[in-house]
Amino acid sequence: IFVEFINGASVTTTGGLPWFSGTAVSSGTSAVVTDETNRLGIVSMSSAAGANSGWYYMTLNNTMFAQVGMTWESATKVQNTNAGARTSIGFHDVFNLNNPSDAIRVFRSNDTVYGQVFNSTTLTQTSGSANVSSNQWLDVKIQIVATNQVQFDVWDGDTGASLLSEKLTATLPSTSARVFGMGILTGYTNAAAALLEYVDKMKFSVNKSMIR
C-alpha cells in the first residue's frame with residue numbers, strides 16, 4: 001500500500017483513502033499545503049483549541065498483527081516541538097493520545113523520537129533516541145526482521161543523515177489477540193490550536209504471505 005495525497009492533477013486531504021481514513025482527534029484539522037522540492041502531495045495536521053486534539057491518517061485499528069517481513073515507511077515534517085506535542089508513526093491501535101495496547105511505532109514526544117513496541121500495554125523502548133527540530137523532514141522505516149526483533153530507522157529527510165538506527169529485541173504483538181492498525185497520528189495535550197505535522201507519504205509492504 002503506497003499513499004501520496006495526489007488525486008489526478010490535484011492534491012487532496014483525502015488522497016490516502018480508502019486505506020487511510022483522515023479523521024479529527026477531538027476537533028483537529030487537516031489541509032493541503034504547498035509542495036516542496038521532490039515532495040509532491042503534502043498535507044498538514046493540526047490541533048484545535050481543545051486539549052488532546054489533533055488529526056490522524058489511519059486504517060482501522062484491528063487489521064493486523066506483527067509478522068516477519070512487515071515494513072512501514074513514511075515521510076513527515078515536524079512542525080511543533082513544544083511540550084505536549086505528540087506524534088505516533090507506524091503500527092498502533094489507538095485513535096487518541098493515550099498509550100496504545102499494542103504497537104510497533106516511532107513515537108515523537110516534544111522534540112525527541114524513540115522506537116517503541118507495546119505488547120498488551122507492556123512497553124519496550126529503544127535505548128537510543130533522536131532530537132529533532134521544527135521544520136525538519138523525517139524519513140522513517142520500521143522493519144520486523146525476526147519474531148522478536150524490530151529494526152527502527154529515522155533519517156533527516158533532507159540530508160539523509162541517520163538520526164536513529166537500532167534493532168530492538170522485544171516480545172511483539174504477534175497473535176490474533178494482539179491486533180493493531182497503521183498510520184500516522186498527531187496531537188497536542190495543550191488547549192491550543194497549533195500546526196503539528198506535515199505528511200508527504202506513507203507506505204506499507206510485506207515480503208511474504210500474511211497469516212490471517
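The values are calculated or read from the model by the stated rules, or taken from the named source; none is laboratory data. From a predicted model like this one, the values you see are computed outputs, not experimental measurements. Using ideal geometry, Cβ is built from the backbone for each residue, glycine included, and neighbour counts are taken over all protein chains shown. Surface accessibility is based on the protein's heavy atoms, side chains included, excluding ligands, DNA and RNA. Shrake-Rupley method; radii C 1.70, N 1.55, O 1.52, S 1.80 Å.
For residues in the range 138-159 being within 19 Å of Glu36 (Cα to Cα) and open to solvent by 50 Å² or more (accessible area, probe 1.4 Å), which is farthest from the chain's Cα centre (by Cα)? Don't jump to the end; show me each part of the working.
Taking the range 138-159 and keeping what is within 19 Å of Glu36 (Cα to Cα), we get 138-140, 155-159.
When the remaining residues are screened for being open to solvent by 50 Å² or more (accessible area, probe 1.4 Å), the result is 155, 158-159.
Values: Trp155: 14, Asp158: 18, Thr159: 20 Å.
If we take residues in the range 138-159 being within 19 Å of Glu36 (Cα to Cα) and open to solvent by 50 Å² or more (accessible area, probe 1.4 Å), then Thr159 is farthest from the chain's Cα centre (by Cα).
Regarding Thr81, is this residue open to solvent by 10 Å² or more (accessible area, probe 1.4 Å) and at pLDDT below 95?
Numbers: open to solvent by 10 Å² or more (accessible area, probe 1.4 Å): yes; at pLDDT below 95: no.
Answer is no for this residue.
For the structure I just gave you, tell me whether Ala51 is farther than 26 Å from Ala146 by Cα and either touching a residue at least 60 places away in the same chain (Cβ under 8 Å) or open to solvent by less than 40 Å² (accessible area, probe 1.4 Å) (or both).
Values: farther than 26 Å from Ala146 by Cα: yes; either touching a residue at least 60 places away in the same chain (Cβ under 8 Å) or open to solvent by less than 40 Å² (accessible area, probe 1.4 Å) (or both): yes.
Yes.
With respect to the numbered conditions (1) within 16 Å of the chain's Cα centre (by Cα); (2) under 19 Å from Leu163 (Cα atoms); (3) not small (Gly, Ala, Ser), which one is the sole condition not fulfilled by Asn135?
For Asn135, the exception is condition (1).
So, in the range 100-119, of the ones that are assigned to a loop (DSSP other than H, G, I, E, B) and within 16 Å of Ser133 (Cβ to Cβ), which residue ends up least open to solvent (accessible area, probe 1.4 Å)? Quick ask: steps written out before the conclusion?
So the first thing to find is which residues in the range 100-119 are assigned to a loop (DSSP other than H, G, I, E, B), and the list is 100-102, 110-111.
Right, trim to within 16 Å of Ser133 (Cβ to Cβ) and you get 110-111.
Working: Asn110: 41, Asp111: 63 Å².
Within the range 100-119, the match that is least open to solvent (accessible area, probe 1.4 Å) is Asn110.
Exactly one of (1) without any contact (Cβ under 8 Å) to a residue 12 or more places away in the chain; (2) small (Gly, Ala, Ser); (3) under 30 Å from Thr29 (Cα atoms) is unmet by Ala161. Its number?
(3)
Here is a yes/no grid of residues against (1) part of a loop (DSSP other than H, G, I, E, B); (2) modelled with pLDDT under 95:
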site	(1), (2)
Ser165	no, no
Ser176	yes, yes
Thr186	no, no
Ala192	yes, no
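On the basis of being of a type in the set (Phe, Trp, Tyr), under 27 Å from Ala24 (Cα atoms) and in a strand (DSSP E or B), does Phe152 make the cut?
Numbers: of a type in the set (Phe, Trp, Tyr): yes; under 27 Å from Ala24 (Cα atoms): no; in a strand (DSSP E or B): yes.
No: the conditions fail for Phe152.
Exactly one condition in (1) over 14 Å from the mean Cα position of the chain (by Cα); (2) part of a strand (DSSP E or B) is not met by Ala83; state its number.
(2)
Considering only the range 186-197, I want to know if a residue exists there that is open to solvent by 60 Å² or more (accessible area, probe 1.4 Å) and without any contact (Cβ under 8 Å) to a residue 24 or more places away in the chain.
So far as the range 186-197 goes, no, none of its residues is open to solvent by 60 Å² or more (accessible area, probe 1.4 Å) and without any contact (Cβ under 8 Å) to a residue 24 or more places away in the chain.
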